[in-house]
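Trainee: Sharing a structure with you now.
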Amino acid sequence: MRTSDSQAVNRRTIGRRTFDFDTQVAVMAVVNRTPDSFYDHGATFALERAVEAALDAGRIGADWVDIGGVPFGRGAPVSVAEEIDRTVPVVAAITQESDVVVSVDTNRADVARAAIEAGAAVINDTSGLGDPEMADVISKSDAQIVITHSVGPPRVEKPAAHFDDVVGEVRAFLEERVARAEDAGVPRNRIIIDPGHDLDKNTLHSLELTRRLGELTTLGLPVLAAVSNKDFIGESIEREQGRRLAGSIAAMTMCIERGARIVRMHDARAAVDAVRMVESILGMRTPAHLEHNMHPTRNV
């Protein structure tokens, strides 16, 4: 991809904010409006709690918040109407109070349409356009789409994960789904890709994806890494849920070093600090201030 083409794809206005993914990393905070979240077990299921958590994330430096109404993992069915009822009021409330980017984690076109109408700037589709109408909904809006790799529909029991070459197969899937989106009229500069750590993958697969993430950045689209508190972290370092922050930050940092430019994290405060430090080390941002050994010292 030529430099000018890369700039056109990586410099974007998303919602009311502008990003240059050549020179910055965006922190996406997670707010689950579900009673059965694997991470918070319903802590932000109440509407007021969800809205306040999202606004808090924006205040402490998160660039956007991702609102989920249905977990990816297996569980009781949730109707389209119920998913809309869980997500749309949160979107509407946040966009009235903040310019933080709001995305909605859904694989249903009807939910995406309602969320966009309420002000969502991004649809985070963990099925990778599994709904045949999703690409059309996005093409008729100004919203961005995150195309994520997974295998088969969410919320159902699946066989043990198997890939001959997980990175090659994920890359091929993403290429095909990006082409599908473009054929439906979605501009390339409104597409983000996500390899889907742990989504229908085992720990070895997720580690390999992290190790070889650079092979996906060569597709020329911003890569989102959603590694926070995933089981591959818990299994790698023998830490149960609630004790995976350090592992999550480490995995996130490795993904950024390999080219990820959006990171989806539960602990927004820690993630923001870690990301800004990584950006500084990589020369993507200047330090907030300079004082240490910047002035002559005097012997007293």
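The values are calculated or read from the model by the stated rules, or taken from the named source; none is laboratory data. Computed from a predicted structure; not experimentally measured. For neighbour counting, all protein chains shown are included, and Cβ atoms are generated from backbone atoms with ideal geometry for every residue, glycine included.
Trainee: List every residue pair whose Cβ atoms lie under 7 Å apart, where the two residues are 6 or more positions apart in sequence or sit on different chains, the first residue falls within segment 162-189 and is under 17 Å from THR210 (Cβ atoms), and the second residue, located anywhere, is surrounded by 15 or more Cβ atoms within 10 Å (Cβ to Cβ) and of a type in the set (Val, Ile, Thr).
Mentor: Going by the 7 Å Cβ cut-off, the qualifying pairs are LEU174/ILE147; LEU174/ILE193.
Trainee: Run down ILE262, ILE256 and say which single residue is within 17 Å of the chain's Cα centre (by Cα), surrounded by 15 or more Cβ atoms within 10 Å (Cβ to Cβ) and under 23 Å from ASP56 (Cβ atoms).
Mentor: Of ILE262, ILE256, the one residue that is within 17 Å of the chain's Cα centre (by Cα), surrounded by 15 or more Cβ atoms within 10 Å (Cβ to Cβ) and under 23 Å from ASP56 (Cβ atoms) is ILE262.
Trainee: Restricting to segment 221-235, and then to whatever is within 21 Å of SER127 (Cα to Cα) and more than 15 Å from the chain's Cα centre (by Cα), can you tell me which residue is surrounded by the fewest Cβ atoms within 10 Å (Cβ to Cβ)?
Mentor: So, considering only residues that are within 21 Å of SER127 (Cα to Cα) and more than 15 Å from the chain's Cα centre (by Cα), the one surrounded by the fewest Cβ atoms within 10 Å (Cβ to Cβ) is ASP231.
Trainee: Just one of the numbered conditions (1) assigned to a helix (DSSP H, G or I); (2) without any contact (Cβ under 8 Å) to a residue 24 or more places away in the chain is not true of ALA135; which one?
Mentor: Status for ALA135: all satisfied but (2).
Trainee: Based on what the data block shows, is GLU97 touching a Leu at 6+ places or on another chain (Cβ under 8 Å) and either at pLDDT 95 or above or polar (S, T, N, Q) (or both)?
Mentor: When the stated conditions are applied, GLU97 passes them.
Trainee: From SER228, SER206, SER248, which residue is touching a strand residue (DSSP E or B) at 6+ places or on another chain (Cβ under 8 Å) and more than 29 Å from SER79 (Cα to Cα)? Walk me through how you get there before you give the answer.
Mentor: Values: SER228 fails: more than 29 Å from SER79 (Cα to Cα); SER206 fails: touching a strand residue (DSSP E or B) at 6+ places or on another chain (Cβ under 8 Å).
Exactly one residue qualifies, and that residue is SER248.
Trainee: Applying the selection to segment 202-239, what residues are β-branched (Val, Ile, Thr) and in a helix (DSSP H, G or I)?
Mentor: If the condition is that a residue be β-branched (Val, Ile, Thr) and in a helix (DSSP H, G or I), then THR203, THR210, THR217, ILE233, ILE237 are the ones that fit.
Trainee: May I ask you to list the residues in segment 163-200 that are over 15 Å from LEU216 (Cα atoms) and among the charged types (D, E, K, R)?
Mentor: Listed by number, the residues that qualify are ASP164, ARG180, GLU182, ASP183, ARG188, ARG190, ASP198, ASP200.
Trainee: Residue check: is ALA160 of a type in the set (Gly, Ala, Ser), part of a helix (DSSP H, G or I) and either surrounded by fewer than 19 Cβ atoms within 10 Å (Cβ to Cβ) or in contact with a Lys or Arg (Cβ under 6 Å, 6 or more places away or on another chain) (or both)?
Mentor: The answer is no for ALA160.
Trainee: Which is modelled with pLDDT of 95 or more and either in contact with a His (Cβ under 7 Å, 6 or more places away or on another chain) or within 28 Å of THR286 (Cα to Cα) (or both), of ILE237, ILE249?
Mentor: Being modelled with pLDDT of 95 or more and either in contact with a His (Cβ under 7 Å, 6 or more places away or on another chain) or within 28 Å of THR286 (Cα to Cα) (or both) holds for just one of ILE237, ILE249, which is ILE249.
Trainee: In segment 233-263, which residues are over 30 Å from THR218 (Cβ atoms) and touching a residue at least 24 places away in the same chain (Cβ under 8 Å)?
Mentor: GLN241, LEU245
Trainee: Is there any pair with a first residue in segment 15-35 that is more than 22 Å from VAL70 (Cβ to Cβ) and a second that is in a strand (DSSP E or B) and of a type in the set (Gly, Ala, Ser) whose Cβ atoms are under 7 Å apart and which are 6 or more apart or on different chains, and what are they?
Mentor: PHE19/ALA26
Trainee: Identify, please: which residue in segment 120-135 is buried (at least 17 other Cβ atoms within 10 Å of the Cβ) and over 17 Å from the mean Cα position of the chain (by Cα) and is, among those, farthest from ALA92 (Cα to Cα)? Steps first, answer last, please.
Mentor: Initially, segment 120-135 is screened for residues buried (at least 17 other Cβ atoms within 10 Å of the Cβ), giving 120-131, 134-135.
Next, only the ones that are over 17 Å from the mean Cα position of the chain (by Cα) stay: 130-131, 134-135.
On the way: GLY130: 26, ASP131: 24, MET134: 21, ALA135: 23 Å.
Only one residue tops the list, namely GLY130.
Trainee: Determine, yes or no, whether GLY130 is more than 23 Å from VAL263 (Cβ to Cβ) and modelled with pLDDT of 95 or more. Give the derivation first.
Mentor: On the way: more than 23 Å from VAL263 (Cβ to Cβ): yes; modelled with pLDDT of 95 or more: yes.
Against the criterion (more than 23 Å from VAL263 (Cβ to Cβ) and modelled with pLDDT of 95 or more), GLY130 qualifies.
Trainee: Name the residue, out of VAL151, VAL102, that is in a loop (DSSP other than H, G, I, E, B) and either within 21 Å of PRO222 (Cα to Cα) or of a type outside the set (Gly, Ala, Ser) (or both).
Mentor: So the residue among VAL151, VAL102 that is in a loop (DSSP other than H, G, I, E, B) and either within 21 Å of PRO222 (Cα to Cα) or of a type outside the set (Gly, Ala, Ser) (or both) is VAL151.
Trainee: OK, next. Which residues, taken from segment 172-219, are more than 17 Å from the chain's Cα centre (by Cα), under 19 Å from ILE138 (Cβ atoms) and surrounded by fewer than 19 Cβ atoms within 10 Å (Cβ to Cβ)?
Mentor: Once the filter is applied, which keeps residues that are more than 17 Å from the chain's Cα centre (by Cα), under 19 Å from ILE138 (Cβ atoms) and surrounded by fewer than 19 Cβ atoms within 10 Å (Cβ to Cβ), segment 172-219 yields GLU175, GLU176, ALA179, ARG180, GLU182, ASP183, ALA184, GLY185, PRO187, ARG188, LEU219.
Trainee: Follow-up question, since we're still on this one. Restricting to segment 56-77, what's the tally of residues that are of a type outside the set (Asp, Glu) and surrounded by fewer than 18 Cβ atoms within 10 Å (Cβ to Cβ)?
Mentor: 8
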